Each structure stands twice: as C-alpha cells, then as structure tokens.
Amino acid sequence: MKGFCPSFVTVEGGRLRRRPAVAPGGAALPEPAMAALDRPWGILVTGVGGTGVVTIGALLGVAAHIEGKGVAVLDMTGLAQKGGSVYSHIRIAARPEDIHAVRIAAGEANAVIGCDMIVAASDEAIAKMQAGHTRAVINRDVAPTGAFTRDPDLVVPRDAMQEAIVEACGAGAADFIEAGELATALLGDSIATNLFMVGYAWQKGLVPVGREAILRAIELNGASVDANKAAFEWGRRAAVDAEGVRRSAAPEGEVPESHRLSASLDEVIARRRAELVKYQDEAYAQRYERAVARVREAESRVAPGSATLAEAAARGLFKLMAYKDEYEVARLYADGGFRARVAAAFEGDYRLNVHLAPPLLAAKDPVTGEPLKRAYGPWMLTAMSLLARLKGLRGTALDPFGHTAERREERRLVAEYEEHLREIAERLTPASHATAVELASLPEQIRGFGPVKARHLDRVAERRGVLLARLRDPGAAPARRDPIPIKAAA
C-alpha cells in the first residue's frame, strides 16, 4: 500500500470555474500617445506555444485592418508548436504599401511584448532589441520547463535574464510585471496573461492601434470575449497602477494561510508543531519541540544572534517526522480542504479519479521496473476518510503498513536525524557552525516516494558521512560539494 503516497487526482467532465470577467473599476485611464507611423512599426511578441501568442498577432492584425492601417504578421513556432518557443513578428504601418518586410531583423523591434520571461530573454529575442530604439514589457513569471524533470534543483536565473533584457533595451526602456500571477488571480485562468500583456503594452503606447479596434477584434474572434476584454483592461490598469492591481488580485484575507511565509523562528516552530498534532498527536508534537529547542539553545550559546541552525533543524525534523504515509495522504485528501479546492476550481458534473500504485496490484514499468499507477474512482476518497481515522495505529505492532521496508526506513530516518541533532548540540562550536547548518539541512534533499526517494537517500547518505566526519574532526579539510538549495516554505 505504499503506493498510496505517490498519488495524484484527475478530473473527468465538468469545466474550469472562472471568476466573473469584470473589468477593473476606478478612475478613467488616460489615452496613451501612439507612434506616428511615419515608418512601419515592428512589434515582437514572444511566449510559449499553446498559450495564445499566435492569437495575439491575429487580434492586432484584425484591429489594424479595422482602422485601415497596413499590417503583416509572421508567426514562428519552430518544431514545438505547443510548449515550445513562439515568436510573432507584427508590422503595422499607415498604409499597406509601406510594409516591405514582415520579419523583424536584428535590432529593429520597436516594441517587445514578452509573455514569458525565458523566451523573451532568448538569443532570438534579445537580438531584435536595440538600446535607444526598443521598448519592452515583460512578464516576470517563469513557466516550468522540461529541464525541471531532469534536474529538481534547477534554478532559472530570472534576475540575470531581466538584466540581459534591460541591457539590450537600455536603462528605463523595459518594464516587468508578474502578469501570469495577476491575470490568473483576477480572471481565474492563466490563458488571460497574454491579453493582459497587450493591455499593458497598449497603455504604454507600444501598440499603434486604437483601443476600440482592439476590443472589436476581440469580439470578432468570438472566444471568451468578456474575459479577454477584461484581461486587456486589467493590463491597462496595471501599467498605470501596478500596486492597485496587485491589491485587487490578492485582497487581504484571500491568501491561504498555508501560502504565507513565517515571519520568525518562533512562528516556524509553532506552525509545524500544530501540524504534527494533526498528523499524529500532542506527544509527537512535543517530541519535535524538545529536539528543536535543544539545538536552538546550543546555537544561542555558541553563535548569539544567529538562528540559521535552529531553523534548519526545525524544517528538517518536521519534514522527516511528517512523512507522507498512507494515513497522512488519506488525511490530506479527507480533511475537507482538498474537496473545497476542487470545487473552487471546477463546476458542472465532474468525477474525481485518484491515481495510485498499490504494490500488490500495480504492474511494473518494463523499462524502469517501477510500479505503474492506475486510476481509482471517487469511492477511494471515502475509503481514505475511514483510513485517516486510524492514524493512531501508525508505527505500532497493529499498523498494517508499518512493516514495509519504506515505512521502517522512514522511522529510522527520524530517529537517526534526532541523534544527529543531539550530537550537533553537544559538539557545536563557532568553527563548526556552518557544517552543522548544512548537516541539519540535508532532509531538504530527500524528495519523492518509493524508488525516487531511495535514489535521493543514497545521495544524502554519502554527503551526511562527509559532514559528520567534519563535525567530529573540525580540522578535517572541507570537501567540494554542490550547493544544497533550501526552498522557501511556510
């Protein structure tokens, strides 16, 4: 039954529940100054295939045609039309005969609308920018790429990409906005991001077509008309009052408590202690609290004013103690929050399927040898609500799941880590503080379930041996290592 843990849910039928497509209120926005069009105006729209980048070119083309302007659009989708890089070259001129080339050459873009940061910072897009000539509006949100499946520690250098765009356009010529996050929060669907960016760019004077023509083009397109108009207007508003739009997207009280980062070490500990009571019981939570307090006291004695070790211990021990076994996965599915989130996201007649890989029933992948998941109907959620009530059996002789190798290993990891924290508290010195922090942070590297988790455990065990040796012998030469990222968590 360990296959309960690596699970996911799919929805059959129904449809995404969207927020009402309400245009922003507030004071009327000023009309931006448009380009004179004494020569063709070149706009490069960049983004990811399947998100509507090509549609943006079509809408602007129709809008320009409505006004009697000359327009030409060239979409470059490459080999990956869905999920790959897309570049839409748009030329707008006072008259059709003024346009002699569609493709925007190096340094010729008057405006760049970057609907995705990664594509906007690509060599292809950067080459079209020129300081003193190009102005850009860029979505700062970064969509996950396929590289994440191969490297779980992959960090997208968003700041470096932003700097590259600023350098290419020149100081003050590039604006950056969290368009994906805002559009999703305001309109309930990330597909609104691109029209949001068009509205932002239009308000900045980068799209030499009238507002009424763009809205008419959206109507003629006939798809999600109200939502697309609202996205365009929200983008306009963001160009004038970004903070006001952010407040509208995340009004006070709507952000889930679980998404808020802790403001202090005391809060880090208190929130995890409360979760462990739900996970098991009060005694289990007190066990966690005592272990962290021991490390915290040692750090305050050896490194006054520092809390990095205590926080690493608080996060690491909680991660190991709250391992996702059958009871915990059942509790998380059955506590009401999961169903509420599904109901908030979908409407209509839909059916939930839970995908699991029970070892006694699951077939093996012929290539990897790992168990394959199969779908179980909504009755599984009822079974999970019953299973969640039996969490008191966890780790006892009556625990039907506790005798598997994976569950025994998880309990061993908790006990082992507690022993390491005791040793850290006893041996901690100013010279060994950095080593202790890294040692306490190792649970951050333990990820996944089943075979995936086993691979991470092997890597962590090797590093743990090196760090323990250094802790016990501070004079030992430090070994080379890869950095261990600690992701922000509540």
Open item on the list: Please rank ASP266, ASP325, ASP98, ASP38, fewest neighbouring Cβ atoms within 10 Å first, as an exposure proxy.
Closed with: ASP38, ASP266, ASP98, ASP325
Task: Percent of C-alpha pairs per 10 Å bin, region 236-317, short to long - done: 16, 33, 22, 16, 11, 2
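Whats the longest run of the chain with zero GluC sites (Glu not before Pro) that are DSSP loop and have at most 13 other Cβ atoms within 10 Å?
On the way: sites that count: GLU252, GLU254.
Here the longest run is 1-251.
Roughly speaking, what % of Cα-Cα pairs in the chain are separated by over 38 Å, rounded to a whole number?
Working: 51208 of 119805 pairs.
For the chain, the share of Cα pairs beyond 38 Å comes to 43 percent.
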TODO: Largest first and in whole Å, give the semi-axes of region 326-393's equivalent ellipsoid, each being the square root of 5 times a Cα gyration tensor eigenvalue.
DONE: 24, 18, 9
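Once every DSSP H run of n ≥ 4 in the chain is given -39500 (n - 2.57) and the sum is divided by its residues, what mean residue ellipticity at 222 nm do you get, rounded to the nearest 500 deg cm²/dmol?
-14000 deg cm²/dmol
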Open item on the list: Just to confirm the number: angle between the C-alpha axis of helix 211-221 and the first principal axis of the chain, 0 to 90 degrees, nearest 10?
Closed with: 70 degrees
TODO: Find which of ALA239, GLN286, ILE269 sits farthest along the positive direction of the dipole of the chain, computed with +1 on the beta-carbon of Lys and Arg, -1 on that of Asp and Glu, about the Cα centre.
DONE: GLN286
Open item on the list: At a 10 Å Cβ-Cβ cut-off, how would you order LEU74, LEU206, fewest neighbours first?
Closed with: LEU74, LEU206
- [ ] Give the angle, between 0 and 90 degrees and rounded to the nearest 10, that separates the Cα long axis of helix 225-240 from the longest principal axis of the Cα atoms of the chain.
- [x] 90 degrees
TODO: For the chain, find the longest principal axis of its Cα atoms and tell me its angle to the long axis of helix 53-66, 0 to 90°, nearest 10.
DONE: 20 degrees
- [ ] Measure off 7 Å from each Cα along the Cα-to-Cβ vector at ASP98 and ALA397, then give the distance between these two points in nanometres to one decimal.
- [x] 8.9 nm
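Give, in nm to one decimal, the length gained when the segment between GLU423 and HIS456 is fully stretched (0.36 nm per residue of separation minus the Cα-Cα distance). Walk me through the intermediate numbers first.
On the way: separation 33, 0.36 × 33 = 11.88 nm, distance 2.34 nm.
That pair, GLU423 and HIS456, stretches by 9.5 nm at full extension.
Could you put ASP335, ASP75 in order, starting from the residue whose Cβ has the fewest other Cβ atoms within 10 Å? Before the final figure, lay out each step's value.
Working: ASP335 13, ASP75 18.
By the 10 Å Cβ count, ascending: ASP335, ASP75.
Net charge within 12 Å of ASN139 by Cβ-Cβ distance, Lys/Arg positive one each and Asp/Glu negative one each, not counting ASN139 itself? Walk me through the numbers on the way to the answer.
Values: positive: ARG140, ARG158; negative: ASP116, ASP141, ASP175, GLU178, GLU181.
Taking every other residue near ASN139 into account, the sum is -3.
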TODO: Scan around PHE346 for amide H atoms under 5 Å from its own, H built in the peptide plane at 1.01 Å from N, and keep only partners 5 or more places away or cross-chain.
DONE: ARG17
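A short reminder: the numbers here are calculations on the coordinates, not readings from a lab. Predicted model only: the values in this text are computed from it and were never measured. Using ideal geometry, Cβ is built from the backbone for each residue, glycine included, and neighbour counts are taken over all protein chains shown.
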